[in-house]
Amino acid sequence: MRSVTAFPVVLALATFIALAQTPSGPYKVIKTAKTGGAGGFDYIYAEEAGRRLYIPRSGATAHISVFNLDTLEPVGEIAGQGGHGVAVSAKTGHGFSSTKPVAMFDTKTLAMIKTIDVQGGPDGIMYDPFNDRVWVFSHSSPHATVINAADGSIAGTMDLGGAPEQGQSDGKGHVYVDIEDQSNVAVVDAKELKVTAHYDLAGKGGTPAGLGLDAKNHILFVACRNPQVMVMMNAEDGKIITTLPIGRGSDGAGFNPKTMEAFSSQGDGTLTVIKENSPTDFVVEQTVETPQGAKTMTIDGKTNHILLMTAEYAPPPATPPAAAPVATPPAGAGAPPPGGRGGPAGRGGRGGRGALIPDSFTLIEVGK
């Protein structure tokens, strides 16, 4: 029998007290839209220029749901393509979904252009404006597949030294990726496709699942699950500046340079807002109450609103059913994310909840 130290309990209590004492602030849920639809879900992506919101749905009827970013009304879908997330190149008008194979589509017509064979298990995805490339992340090797947005050709693959979660580009040739199982941030030369450093969280944070970047002031915002903190880190040398408490179950983060605020979305029904007063001064500005399970997010840079999503689930069965064999999806259909963020078992198979209640999928918009 292992001994249990008091440290995690004290830390969890301190985090809870800090969150409970956070004063009210300017943000609130300003709109919800129960859009329904079948299938699991993972990442949500706001395309600011095209005013569209993309959400891949996994399962037997895999598809990418597309919404009007201003009204949250559905505008169409890309049938037969699911996956985890979407990234868009505004320069080329090409969109990509992190399924296997990767789906490449036209953002104006939503017509498929082609599929791109990749290795590993596509999960997270990001667009890098530095050289108009899309990065597809995988927890298994290769950890990153880099695709030229213009024609869908593969520029290269990379080993990031562990399981990547979220990436950010400074637009100047540096890509930062939080490595969940190694509790560090990988620094990548976007031109040479080489890892130049790993910034260790040094026990201040662990299991990083979200990442934001203030590119102007070179500040990384690393959202961690264990302990539940946001780690502010110098992007130039990896030195830790400070940490602040966040909620439980962070699975997404971001930074808005217009408001100088970082955000972390959590599955416990909270959205943490951290204000950057200066490159060395940060405070928890607000803890916004959101629906349970809304743990991934995206920022609309035009309105400064944050978009999240969730769904309702039936109670877990009294006796968990035996695991069924997983069928291989047809080419281009996309694989349902095993234990994905929107799956019945939660991220990485954790948690215990029943089936998704039909047509309960809901979009949430947070703003001032």
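The values are calculated or read from the model by the stated rules, or taken from the named source; none is laboratory data. Quick caveat: nothing in here was measured; it's all calculated off a predicted structure. Positions of Cβ are backbone-derived with ideal geometry, glycine not excepted, and every protein chain shown enters the neighbour counts. Just so you know, the surface numbers come from the protein's heavy atoms only, side chains and all, with ligands and any DNA or RNA stripped out. Shrake-Rupley method; radii C 1.70, N 1.55, O 1.52, S 1.80 Å.
Here is how the numbers come out for the structure above:
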read-out: Members of the stretch 283-320 that are surrounded by 15 or more Cβ atoms within 10 Å (Cβ to Cβ), within 20 Å of K368 (Cα to Cα) and of a type in the set (A, V, I, L, M, F, W, C); value: V284, V288, A294, M297, I299, I306, L307, L308, M309
read-out: Leading residue by the ranking (most open to solvent (accessible area, probe 1.4 Å)) among those in the stretch 174-197 that are part of a loop (DSSP other than H, G, I, E, B) and closer than 13 Å to T157 by Cα; value: K191
read-out: Unmet criterion (only one of (1) modelled with pLDDT of 85 or more; (2) open to solvent by 10 Å² or more (accessible area, probe 1.4 Å); (3) within 21 Å of the chain's Cα centre (by Cα)) for R347; value: (1)
read-out: Breaking point among (1) touching a residue at least 40 places away in the same chain (Cβ under 8 Å); (2) closer than 21 Å to T145 by Cβ; (3) more than 17 Å from the chain's Cα centre (by Cα), for Q119; value: (1)
read-out: Yes/no for A235 being of a type in the set (G, A, S), in contact with a Leu (Cβ under 9 Å, 6 or more places away or on another chain) and surrounded by 24 or more Cβ atoms within 10 Å (Cβ to Cβ); value: no
read-out: Looking only at the stretch 73-88, and only at residues there that are under 18 Å from the mean Cα position of the chain (by Cα) and either open to solvent by 10 Å² or more (accessible area, probe 1.4 Å) or at pLDDT 95 or above (or both), the one that is farthest from G171 (Cα to Cα); value: H84
read-out: Pairs where the first residue, in the stretch 214-229, is on the phi > 0 side of the Ramachandran plot and the second is not polar (S, T, N, Q), C-beta under 6 Å, 6+ apart; value: H218/A235; H218/E236
read-out: Filtered residue count, the stretch 243-257, keeping only those that are closer than 15 Å to H218 by Cα and either open to solvent by 50 Å² or more (accessible area, probe 1.4 Å) or modelled with pLDDT under 95 (or both); value: 1
read-out: Any hit, the stretch 149-168, residues being β-branched (V, I, T), touching a strand residue (DSSP E or B) at 6+ places or on another chain (Cβ under 9 Å) and touching a residue at least 40 places away in the same chain (Cβ under 8 Å); value: no
read-out: Residue tally, condition in contact with a Lys or Arg (Cβ under 6 Å, 6 or more places away or on another chain) and either part of a loop (DSSP other than H, G, I, E, B) or under 16 Å from L213 (Cα atoms) (or both), over the stretch 251-282; value: 5
read-out: Tally of residues being in contact with a strand residue (DSSP E or B) (Cβ under 7 Å, 6 or more places away or on another chain), in a loop (DSSP other than H, G, I, E, B) and either of a type in the set (S, T, N, Q) or within 12 Å of P122 (Cβ to Cβ) (or both) across the stretch 62-104; value: 9
read-out: The stretch 47-64: number of residues that are in contact (Cβ under 8 Å) with a residue 24 or more places away in the chain, closer than 19 Å to G36 by Cβ and surrounded by fewer than 21 Cβ atoms within 10 Å (Cβ to Cβ); value: 1
